[in-house]
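First comes the structure, then the notes that go with it.
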Amino acid sequence: MKIALLGYSGSGKSTTAAILGTEYGIPVLHLDTVQFMENWQERPAEQSKAIVADFMAANDSWVIDGNYKAFHQRQRLQQADMIIFFSFNRFT
């Protein structure tokens, strides 16, 4: 099973991704951890893209949360068996 989670910042994507990963026993990739290294330093774009591509290629099942259009968003959505869009903000 491949699950893509998209939506507003602070809407619960990462929390839901962690729960789904545990529930289904599949690996989870949080795109914020790909984009940012320690102390919120941004990772080089090509390196970030490679991390996502390698994760997707290495796993038959996955949960990926985050929007990041540049990180193979089209491929993530095409491969996903389920897409969950959080269309509410953190205050809801």
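Going residue by residue through region 35-57, is there one that turns out to be at positive phi and in a helix (DSSP H, G or I)?
yes
What number goes with the only condition from (1) more than 20 Å from M1 (Cα to Cα); (2) more than 11 Å from the chain's Cα centre (by Cα) that D32 does not pass?
Only one criterion is unmet by D32, namely (2).
Do the conditions hold for A70, that is, is it in a helix (DSSP H, G or I), on the phi < 0 side of the Ramachandran plot and either hydrophobic (A, V, I, L, M, F, W, C) or surrounded by 13 or more Cβ atoms within 10 Å (Cβ to Cβ) (or both)?
On the way: in a helix (DSSP H, G or I): no; on the phi < 0 side of the Ramachandran plot: yes; either hydrophobic (A, V, I, L, M, F, W, C) or surrounded by 13 or more Cβ atoms within 10 Å (Cβ to Cβ) (or both): yes.
For A70, the condition - in a helix (DSSP H, G or I), on the phi < 0 side of the Ramachandran plot and either hydrophobic (A, V, I, L, M, F, W, C) or surrounded by 13 or more Cβ atoms within 10 Å (Cβ to Cβ) (or both) - is not met.
Out of the residues in region 35-63 meeting the condition of being aliphatic (A, V, I, L, M), buried (at least 16 other Cβ atoms within 10 Å of the Cβ) and closer than 20 Å to I83 by Cα, tell me which one is farthest from the chain's Cα centre (by Cα).
Quick first cut of region 35-63, residues aliphatic (A, V, I, L, M) only: 37, 45, 50-53, 56-58, 63.
Now restrict to residues that are buried (at least 16 other Cβ atoms within 10 Å of the Cβ): 51-52, 56, 63.
Restricting the remaining residues to those that are closer than 20 Å to I83 by Cα gives 52, 56, 63.
Values: V52: 9, M56: 10, V63: 6 Å.
Per the criteria, the residue is M56.
If we keep just the residues of region 1-11 that are surrounded by fewer than 17 Cβ atoms within 10 Å (Cβ to Cβ) and in contact with a strand residue (DSSP E or B) (Cβ under 9 Å, 6 or more places away or on another chain), which is farthest from Q78 (Cα to Cα)? Break it down stepwise before answering.
Here is the first cut: in region 1-11, the ones surrounded by fewer than 17 Cβ atoms within 10 Å (Cβ to Cβ) are 1, 8-10.
Pick out the ones that are also in contact with a strand residue (DSSP E or B) (Cβ under 9 Å, 6 or more places away or on another chain) and you get 1, 8.
Numbers: M1: 13, Y8: 20 Å.
So the residue we want is Y8.
Which number in (1) within 11 Å of A4 (Cα to Cα); (2) at pLDDT 95 or above marks the one condition that N67 misses?
(2)
If you take the residues in region 1-51 that are free of Cβ contacts under 8 Å to residues at least 24 places away in the same chain and either in contact with a Leu (Cβ under 9 Å, 6 or more places away or on another chain) or among the aromatic types (F, W, Y) (or both), which one is farthest from N67 (Cα to Cα)?
W40
The values are calculated or read from the model by the stated rules, or taken from the named source; none is laboratory data. Being a predicted model, the structure only gives us computed values, none of them experimental. All Cβ positions, even for glycine, are placed from backbone atoms using ideal geometry, and neighbour counts span all protein chains on display.
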